[in-house]
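Everything on this sheet refers to the single structure shown next.
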């Protein structure tokens, strides 16, 4: 399953961005996050082309929760994307990177006073309101004649077909103002009566890693119907609809997610059809891809430290275990969601080598499987293993479990590798600890 610029060189090693993965592991150490700059930029451009060719007033906003650091902020700014942040830390990162504040949208189910003040001071583009307490909190921070651009997050009550923990728009969702109980309408009425709020429109997000395009169409229909209700009752026509992100990516060879073009076609055509149905003035569109922009551009390199033969009787996992020098602290998704990945032996990556099954596990003090069944060439201690499609939610969800330092990250392009996140040191791991006495 070759992704982005991945290939095999004359040594039989995996390459990415023209860089030998084995040499990257030797130079920068392992575990190591590797980001394929060309693949990332190509995906940014694919999104812009797919949507703006169909609807020129579409804005693509990168969902920074997938992976955010200074270099990523700089790349998306160069590619002309807006940015969605969901915390004060993500906003601080964007501002330190020099990202244009007017292109930033701030989300979050609970924005503290400090985070809201940070957003106001930076004069970011939009604050997306999530609940009534947040409306009051923001009102209390505004000066008498100060104004702020806001959107209202609506829970469209669409049950997307994905893991329950990454659904965000269903009836029991914690996110946004719900339609069925009337909260979305009440929130809109309240915001419209506050002269310091400039209501830009409505926002929704139904989840992540979604392969069924019908869910996006259903959400679009729900949002246009809601917008029409507001227009009929309050005379307000939303100039913008933000329909979120959530398109699936390839984690295994069996995955066949829809193309970006197919997503754009469904969203734009459904929006147009529903607006025509109600005679509603067609709003500008915002979409917020995160995973589907960056996931496939990332890989994680590990080094095998032990090969163990375990004589169990289970048929769903191999008896040969590879223990690598990372695991749940650098990628908790297999533990949290049962996420499946594809691995390559970067030291012996030729596709025609004979293969055998391995179970790949981390080195932490619990059973932390990375891949339950991997078909690899004969793999030995010291080999470099590449786990594909780790550009999203690996680095951003990493931790210091077992007090392991977080890995480094390198950006690769045209045979050049540039360090964009330094490996944590052991001193950095304890830098905030204080003695008992």
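Here, each number is a calculation from the coordinates, and none is a lab measurement. Bear in mind the structure is a predicted one, so any value in this text is a computation, not a measurement. Positions of Cβ are backbone-derived with ideal geometry, glycine not excepted, and every protein chain shown enters the neighbour counts.
If you wrap a convex hull around the Cα atoms of region 312-437, how much volume per residue is inside, in Å³?
Cα-based convex hull of region 312-437, divided per residue, equals 152 Å³.
Using the alpha-carbon atoms, what tilt in degrees (0 to 90, nearest 10) does helix 132-141 show relative to the longest principal axis of the chain?
Once rounded, the angle reads 80 degrees.
Hey, can you rank 323-333, 179-189 by average C-beta count inside 10 Å, highest first? Kindly include the intermediate steps, with their values, before the conclusion.
Details: 323-333: 22.9, 179-189: 16.5.
So the order, starting with the most tightly packed, is 323-333, 179-189.
On C-alpha positions alone, give me the angle between the axis of helix 113-122 and the longest principal axis of the chain, in degrees, nearest 10.
Rounded to the nearest ten degrees, it is 80.
Using alpha-carbon positions, what is the distance between the centroids of region 398-437 and region 1-59, in Å?
22 Å
Per residue, what volume in Å³ does the convex hull of the Cα atoms of region 37-294 enclose?
So the per-residue Cα hull volume is 118 Å³.
May I ask you to derive the relative contact order of region 37-294, considering only C-alpha pairs under 8 Å and at least 6 residues apart, and to give it as an integer percent?
20 percent
Given the C-alpha atoms of the chain, compute the convex hull and give its volume per residue in Å³.
Working: hull volume 72.0 nm³, N = 437.
Convex hull of Cα atoms, per residue: 165 Å³.
Using only alpha carbon pairs under 8 Å that are at least six residues apart, calculate the relative contact order of the chain and give it in whole percent.
Reported relative contact order: 20 percent.
Determine, for 90, 102, 427, the number of other Cβ atoms within 10 Å of each Cβ, and report the residues in order from fewest to most.
427, 102, 90
For the residues 99, 92, what sequence is obtained by ranking on other C-beta atoms within 10 Å, fewest first? Don't skip to the answer; put the middle values down first.
Details: 99 24, 92 14.
Sorted ascending by nearby Cβ count, the order is 92, 99.
Could you work out the Rg to Rh ratio of region 368-437, with Rh taken as the Kirkwood radius (inverse of the mean 1/r over all Cα pairs)?
Across region 368-437, the Cα-based Rg/Rh ratio is 1.05.
Run through the DSSP bridge list for the chain and note the antiparallel percent, rounded to the nearest 5.
45 percent
If each residue's Cβ is checked for other Cβ atoms within 10 Å, how do 95, 141, 285 rank with the fewest at the top?
Working: 95 18, 141 14, 285 24.
So the residues, fewest neighbours to most, are 141, 95, 285.
Using just the C-alpha positions of region 326-384 as equal point scatterers, what log10 of I(q)/I(0) does the Debye formula give at each q in 0.19 1/Å?
Per q value, in the given order, log10 I(q)/I(0) is -0.71.
Roughly what angle does helix 213-234 make with the longest principal axis of the chain, taking Cα atoms, 0 to 90 degrees, to the nearest 10?
With both axes taken from Cα atoms, the answer is about 20 degrees.
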